[in-house]
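Colleague: Right, I'll just put the structure down here and ask away after.
Read-outs throughout are calculated quantities, based only on the coordinates presented, and are distinct from any laboratory measurement. Predicted, not measured: the structure shown is a model, and the values here were computed from it. Every residue, glycine as well, gets a Cβ built from its backbone with ideal geometry; the counts of neighbours run over all protein chains shown.
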Amino acid sequence: MIYELVGSRVLGPYLGTSIYVWTSLIGVILGSLSLGYWAGGRLADKRTDLKILALVIFSASVFIFLTVVFRSMAPLYFISLNLPLELSSLFISIILFSPASFLLGIISPYCVKIKIEQLATSGAAVGKLYAISTLGSIGGTFLAGFFLIPFFGTVKILYALSLVLFLLSLLLSLKSFFKSRLWFLFLLILFLAGDAWFDLLRQNYFIDLDSQYNRLWLYRGKDLATDRPTLNLATDPYGTQSAMFTDKDDDLVLAYTKFYRLLKHFKPEAAKVLMFGGCAYSYPKDFLKKFPNSEISVVEIDPKMTELARKYFNLPASEKLKIHHEDGRVFLNKTNQRFDAILGDAFNSFSSIPYQLTTLEAVKKKYEILNDNGLVILNIISSLRGSSGKFLRAEYATYKKVFPQVFLLPVNDATNPDLRQNVMLLAFKSESELVWQSPDQELNSYLRHLYSGEVAGDPPVLTDDYAPVEYYYRSAL
């Protein structure tokens with residue numbers, strides 16, 4: 001179970017953590033284990049020998065180690081082929097996790113055959129072994145999810161699994177392994193090669209760690225628009241989720257985050273604002289500067305994000321900043337607070353908004369907790385037409401079902417509905433006529449991005465019962 005849970009963190013940065021990825025990972029590991037059980041039973045009937053068991057365990061340790069060595073190479077290769085997500089996740093899971101899982105499956109039936117000495121007690125022996133195996137799986141699940149992954153990260157856990165199996169194989173057959181030290185030398189060479197490989201892959205990253213929810217990379221870069229140095233935070237290798245200028249933290253780096261400043265135009269008197277998704281807290285810091293007397297509550301599910309923001313991204317300690325480390329929908333369901341505006345910038349991997357925040361029920365709850373004349377500003381990554389725009393059109397229809405006025409502002413190009421880009425959805429609780437010009441030249445430059453074209457109504461409204469958000473986003477890739 002530790003291997004399976006860690007597998008999700010291996011695939012996550014490259015394929016996301018959608019239902020397609022979990023299906024491939026679980027299916028491949030279960031299928032490989034099943035083949036291993038079958039092969040182990042056949043092998044045990046032919047010959048039972050501790051040396052054979054030791055060899056199987058040692059081989060499993062080597063293939064787990066190879067998972068570390070090829071954990072970036074295999075995903076990047078299949079991604080370059082532009083295969084459908086379900087096929088890429090299936091092939092990568094087979095390559096990285098099938099060999100070790102197959103070998104681990106051999107162990108149980110082989111141990112059963114060795115353990116059974118008397119037919120009269122065979123049932124007890126089998127039951128005892130499977131009880132121990134199940135308890136180990138349960139313990140491994142809680143240990144990995146609650147402790148190992150958040151505190152040690154993917155690579156160290158896989159190294160540890162490989163080392164434990166290697167030592168176990170030595171204990172089972174000390175004499176023969178010490179006679180041939182080539183196995184140990186081989187493993188040592190792989191270990192050193194693996195470290196060198198990862199140093200090469202991560203030469204541009206100065207922090208690479210796992211949290212309870214994400215694989216996090218911090219790296220230095222340069223903003224193309226201003227040529228200024230930046231510090232970036234990413235949760236996948238395809239883009240930057242948050243950034244900060246390092247010469248002087250005086251402005252927002254990412255273009256779409258500046259559109260949240262429209263709050264100053266539409267709700268200049270906003271006293272209390274709610275934001276879903278903190279990441280490195282780029283906009284919340286900007287809000288505290290622009291609205292020094294106002295309060296912003298940020299719902300960020302990952303405490304590690306907040307920790308990194310405080311340590312590396314100049315996130316200040318302020319009484320005006322309220323941070324809630326929990327799922328956004330959970331916060332929505334239980335809050336009795338009211339807000340002047342709600343901002344949305346919460347994403348899973350591959351630019352997918354968590355489905356539970358997109359549904360009609362969630363949108364109604366946002367409407368309820370908004371004060372009169374309140375508004376929602378939501379960041380969506382999508383085109384406006386075609387298959388890559390299905391989610392945006394479904395979300396637009398969902399907001400139109402609740403809010404009397406809903407508008408779209410494409411960030412890069414408001415005239416090209418086929419371009420996949422950041423699109424800001426603005427939903428107003430009031431029916432009053434809105435002003436789309438501002439004397440503030442910066443704000444006016446954002447207002448000019450208002451999309452005037454038609455938005456098709458083909459995808460149905462999203463609900464808690466039916467919200468194929470991952471499918472829509474998968475179609476966009």
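Colleague: Take the Cα coordinates of segment 251-357, assign each an equal point scatterer, and use the Debye formula without solvent to give log10 I(q)/I(0) at q = 0.20, 0.24 Å⁻¹.
Modeller: Rounded to two decimals, the profile gives -1.13, -1.60.
Colleague: A follow-up question, please. Let me spell out the model: positive unit charges on the Cβ of Lys and Arg, negative unit charges on the Cβ of Asp and Glu, origin at the Cα centre of the chain. What dipole size does that give, in debye rounded to 20?
Modeller: 1400
Colleague: Also, quick follow-up: Could you tell me what a quarter of the Cα convex hull surface of segment 336-465 works out to, in nm² with one decimal place?
Modeller: 8.4
Colleague: Would you list which lysines come within 17 Å of K51, measuring only between C-alpha atoms, while excluding same-chain residues fewer than 8 positions from it?
Modeller: The qualifying lysines are K113, K115, K175, K179.
Colleague: Can you flag which of K264/K401; K156/K272; K264/K311; K222/K366; K156/K311; K366/K390 are past 31 Å Cα-Cα?
Modeller: Cα-Cα > 31 Å for K156/K272; K222/K366; rest within.
Colleague: Convex hull over the Cα atoms of segment 248-476, averaged projected area in nm²?
Modeller: 12.0
Colleague: If you average the sequence gap of Cα pairs under 8 Å that are 6 or more apart and divide by the length of segment 249-384, what percent do you get for the contact order?
Modeller: Working: 200 pairs, mean separation 34.7, N = 136.
This gives 26 percent for segment 249-384.
Colleague: Okay, next question. Cα centroids of segment 26-101 and segment 229-300: how far apart, whole angstrom?
Modeller: 43
Colleague: I would also like to ask the following. Express in nm, to one decimal, how much length is gained between D251 and A317 on full extension, taking 0.36 nm for each residue of separation and deducting their alpha carbon distance.
Modeller: Full extension from D251 to A317 adds 21.9 nm.
Colleague: Name the long-range amide H neighbours of R228: under 5 Å, sequence gap of 5 or more, or other chain; modelled H, no Pro or chain starts.
Modeller: It is D223, by chain and number.
Colleague: What aspartates and glutamates sit close enough to K258 to cross-link, taking a C-alpha to C-alpha distance under 13 Å and skipping anything fewer than 8 places away on the same chain?
Modeller: Correct list for K258: D250, D286, D345, E442.
Colleague: Taking every pair of alpha-carbon atoms in segment 289-413, give the share separated by more than 20 Å as a whole percent. Mind showing how you got there, number by number?
Modeller: Details: 3878 of 7750 pairs.
Taking all Cα-Cα pairs of segment 289-413, the fraction more than 20 Å apart is 50 percent.
Colleague: I've got another one for you. By how many degrees, 0 to 90 and rounded to 10, does the Cα axis of helix 50-69 deviate from the longest principal axis of the chain?
Modeller: Approximately 20 degrees, to the nearest ten.
Colleague: Can you tell me the Rg and Dmax of segment 1-44, counting just the alpha carbons, in angstroms?
Modeller: Radius of gyration, then largest Cα-Cα span, for segment 1-44: 12.8, 39 Å.
Colleague: Here's a follow-up. Taking amide H positions as placed in the peptide plane 1.01 Å from N, state which residues far from S297 in sequence (5 or more) or on other chains have amide H under 5 Å from it.
Modeller: Under 5 Å from the amide H of S297: V273, L274, M275, K322.
Colleague: Now, a different point. Taking the C-alpha atoms of the chain, how large are the radius of gyration and the largest Cα-Cα span, Dmax, in Å?
Modeller: 26.4, 91
Colleague: By what distance, in whole Å, do the Cα atoms of segment 215-282 stretch along each of the three principal axes, largest value first?
Modeller: Computed over the Cα atoms, the extents are 37, 28, 18 Å.
Colleague: Run the numbers on the chain and let me know its relative contact order in percent, using alpha-carbon pairs under 8 Å that are six or more apart. Don't skip to the answer; put the middle values down first.
Modeller: Working: 788 pairs, mean separation 57.0, N = 477.
The value is 12 percent.
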